[in-house]
Amino acid sequence: MSLDYMLSILKPMLEGAQATVLLFLIAIVVSIPLGFLLTLAIRSSIKPIAWLASCYVYVMRGTPLLLQLLFICFGLPMIPGIGEYLVLDRFVAASLGFILNYAAYFAEIFRGGLLAIDKGQYEASQVLGLNKWQTTTRVVLPQMFRIALPAVANESVTLVKDTALLYAVAVPELLHFAQTAVNRDFTIVPFFVAGIIYLIMTLLLTALFKWLERRFKYE
Amino acid sequence: MKRLAINLVILASVFFVFAACSNNSKDKKEDTLIIGIDDKFAPMGFRDDNNEIVGFDIDYAKAAAEKMNMSVQFQPIDWKTKESELSSGRIDLIWNGYTITDERKEKVLFTNPYLKNAQVVVTLANSPIAKLDDLEGKVVGLQSLSSASDALDNSPIKSKIKEVTEFSDNVLALNDLKSGRLDAVVIDEIVIDYYMTKEQDSFKVLNESLAPEEYGIGVKKGNEALLEKLQKALDEMNEDGTAADISEKWFGENKVLQ
């Protein structure tokens with residue numbers, strides 16, 4: 001297929017990529033702090049809170065994201081009585097679903113980061129006379145973030161690709177515009193173009209995380 | 001690290017405000033019809049080279065809305081969730097080659113049929129399959145949750161077919177036919193007519209069709225007022241020739257049912 005054709009289908013796809021990028025930014029910025037709070041809740045010494053947080057992670061990780069999106073978008077309005085007040089804007093509904101789902105994964109990633117910190121680090125802090133707050137903010141958390149970084153990068157790349165689920169709740173995104181072009185022109189070239197755009201996005205993301213990893217090296 | 005985090009939060013809040021504003025401007029008004037369409041369904045509703053939504057149903061809906069003194073907004077939806085979209089109130093009408101079936105009549109209200117269609121069987125041009133009975137022991141593809149599967153279910157040939165494979169859209173099914181994984185595809189006559197103009201020599205359509213069917217417009221159950229208003233507009237368009245003009249433009253002949 002000609003280069004002209006590829007350029008002509010590029011414009012709508014880049015429009016769709018805007019929705020992809022916007023959802024990615026919202027989901028990553030909100031779900032990482034939320035996931036961290038969840039980690040704290042899971043490790044909380046107050047049992048009901050720890051139990052609730054574990055249940056939450058179990059449900060969010062244990063069901064498909066697509067199912068969760070469909071439930072938020074089409075299930076909530078069906079609830080008798082309050083349903084009519086729960087008709088969220090599509091994009092808001094989708095963002096909510098991604099945030100809730102990814103927070104559960106990030107919570108587990110951060111928990112793994114905490115588990116990886118050696119007991120000696122806590123003992124050393126104690127010897128140095130740091131109190132609990134100082135130990136957490138100056139010794140434990142910096143190491144936890146550094147340890148968790150590769151896993152966070154991995155999950156972020158997955159998030160970029162999961163945005164293709166947006167069209168299930170009728171938000172047109174990159175892959176959808178590729179499909180409309182495929183259906184109009186009866187050729188699968190648009191799929192290749194979409195693949196290249198995804199690769200460029202994940203390449204940028206990978207580079208960003210590589211840079212962060214170098215920046216927070218502590219050896 | 002801290003500065004980076006702050007920057008990211010600011011960036012996100014800017015986006016949020018931006019998204020919120022654009023949502024407000026799209027707030028549903030009383031005189032706006034939100035029409036759920038499948039923007040991958042050429043020639044009824046699809047995207048042209050400039051990414052504009054065009055098609056027979058699009059022109060037809062615009063003309064009807066004009067008669068009703070309402071404005072229209074086309075909402076591309078995932079065709080698999082069309083009835084959920086309608087019952088959750090996110091769209092007012094399903095209007096895109098929506099086949100009237102008894103099963104669907106239990107869930108939505110239909111206008112009178114406006115277009116005739118048929119489910120036909122497509123094979124590769126050089127295939128030995130020449131009639132419906134030849135499908136015995138063959139692999140057949142179709143678009144999932146479309147009326148093609150209803151038509152096949154109601155046909156006696158269904159029990160003799162080796163396997164039915166469902167696809168998310170028609171083009172994927174046709175591509176699978178070309179690559180040889182399928183022996184035949186069941187598809188809307190109107191749709192395959194369009195693709196045959198794109199690729200003339202690849203396919204042939206069997207003379208025997210599976211089931212004649214008709215397209216109607218779906219309205220949410222309980223909204224009889226809108227149905228009545230819409231039907232009146234459609235009738236007017238039939239009388240003053242607007243419908244015929246739109247049909248001429250897309251099909252080269254007047255196919256709209258009176």
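The modelled label-to-label distance between A:Ala50 and B:Glu224, using points 7 Å beyond Cα along the C-beta direction, is 6.1 nm. Here the sum of -39500 (n - 2.57) over DSSP H runs of 4 or more residues, divided by the residues of chain B, equals -11500 deg cm²/dmol at 222 nm, to the nearest 500.
Given the pairs B:Lys40/B:Lys198; B:Lys40/B:Lys80; B:Lys67/B:Lys232; B:Lys204/B:Lys255; B:Lys131/B:Lys160, which span a C-alpha to C-alpha distance of over 19 angstrom in this model? All intermediate terms of the calculation are to be shown ahead of the outcome.
Values: B:Lys40/B:Lys198 15 Å; B:Lys40/B:Lys80 13 Å; B:Lys67/B:Lys232 9 Å; B:Lys204/B:Lys255 22 Å; B:Lys131/B:Lys160 14 Å.
Distance filter (> 19 Å) returns B:Lys204/B:Lys255.
Can you tell me the 0 to 90 degree angle between the C-alpha axis of helix B:56-67 and the longest principal axis of chain B, rounded to 10? Long axis of B:56-67 versus the principal axis of chain B: about 50 degrees.
Between B:Asp235 and B:Ser71, what length in nm is gained on full extension when 0.36 nm per residue of separation is reduced by their alpha carbon distance?
57.2 nm
For a modelled paramagnetic label at B:Thr165, 7 Å from Cα along Cα-to-Cβ, the residues of region B:93-135 in reach, with backbone nitrogen under 20 Å, are B:120-130, B:134-135. Across region A:127-132, rounded Karplus estimates of 3J(HN,Hα) from the backbone phi angles (6.51 cos²θ - 1.76 cosθ + 1.60, θ = phi - 60°) give 4, 6, x, 7, 7, 4 Hz, Gly and Pro being marked x. Would you please give the FRET efficiency between A:Tyr85 and B:Ser144, computed as 1/(1 + (r/R0)^6) with r the Cβ-Cβ distance and R0 = 25 Å, to the nearest 0.05? The formula returns an efficiency of 0.15 here.
Given Cβ point charges of +1 (Lys, Arg) and -1 (Asp, Glu) and nothing else, what value in debye, to the nearest 20, does the dipole of chain B about its Cα centre take? Don't skip to the answer; put the middle values down first.
On the way: 31 positive and 45 negative charges, 238 e Å.
My answer is approximately 1140 debye.
Here A:Lys217, B:Lys221 are placed in order of increasing Cβ neighbour count within 10 Å, fewest first, which gives A:Lys217, B:Lys221. Dividing the alpha-carbon radius of gyration of region B:99-155 by the rule-of-thumb value 2.2 N^0.38 Å gives 1.40.
Note on A:Arg43, A:Arg184: ascending count of other Cβ atoms within 10 Å places them as A:Arg43, A:Arg184, the fewest first. When only Cα pairs below 8 angstrom with a gap of at least 6 residues are kept, chain B shows a relative contact order of 25 percent. How about region B:125-164: which trypsin sites (Lys or Arg not before Pro) there lie in a loop by DSSP and see at most 13 other Cβ atoms within 10 Å? Answer in residue order: B:Lys131, B:Lys162.
Using DSSP to call loops (not H, G, I, E or B), can you name the GluC sites (Glu not before Pro) in region B:43-133 whose Cβ has at most 15 other Cβ atoms within 10 angstrom?
Working: sites: B:Glu52, B:Glu66, B:Glu83, B:Glu85, B:Glu103, B:Glu106; in loops: B:Glu52, B:Glu106.
Hits after loop and neighbour filter: B:Glu52, B:Glu106.
Computed from Cα atoms, the angle from the helix A:174-185 axis to the main principal axis of chain A rounds to 20 degrees.
Applying 1/(1 + (r/R0)^6) with R0 = 25 Å to the Cβ-Cβ distance of B:Lys107 and B:Asp49, what FRET efficiency is obtained, to the nearest 0.05? Write out the running numbers ahead of the final one.
Details: r = 36 Å, r/R0 = 1.43.
After rounding to 0.05, the efficiency reads 0.10.
Extension gain for the segment A:Asp4 to A:Thr63, taken as residue separation times 0.36 nm less the Cα-Cα distance, is 17.0 nm to one decimal. Note on region A:18-167: dipole from Cβ charges, positive end direction compared against A:Leu115, A:Ala103, A:Leu38; the farthest Cα belongs to A:Leu115. For A:Lys210, the lysines whose Cα comes closer than 22 Å to its Cα, not counting residues fewer than 8 places off in the same chain, are A:Lys161, B:Lys2.
Comparing A:Leu86, A:Leu65, A:Leu40 in a Gaussian network model of chain A, where Cα atoms under 10 Å apart are tied by springs, the biggest mean-square fluctuation is seen for A:Leu86.
With all projection directions averaged, the alpha carbon convex hull of region A:18-167 covers 10.5 nm².
Defining a contact as two alpha carbons under 8 Å apart and six or more residues distant in sequence, what relative contact order in percent does chain A show?
Working: 212 pairs, mean separation 65.2, N = 219.
Across chain A, relative contact order equals 30 percent.
Using R₀ = 45 Å, calculate the FRET efficiency as 1/(1 + (r/R₀)^6) where r is the Cβ-Cβ separation of A:Thr137 and B:Lys80; round to 0.05. All intermediate terms of the calculation are to be shown ahead of the outcome.
Working: r = 49 Å, r/R0 = 1.08.
With R0 = 45 Å, the Cβ-Cβ based efficiency is 0.40.
Counting beta carbons within 10 Å around each of B:Asp31, B:Asp57 and listing the fewest first gives the order B:Asp31, B:Asp57. For region B:228-248 versus region B:34-83, the spacing of their alpha-carbon centroids is 16 Å.
We did not get these values from a lab; they are worked out from the coordinates using the rules stated. Everything numeric here is computed off the predicted structure, so don't read it as measured data. Cβ: placed from backbone, ideal geometry, glycine included. Neighbour counts: every protein chain shown.
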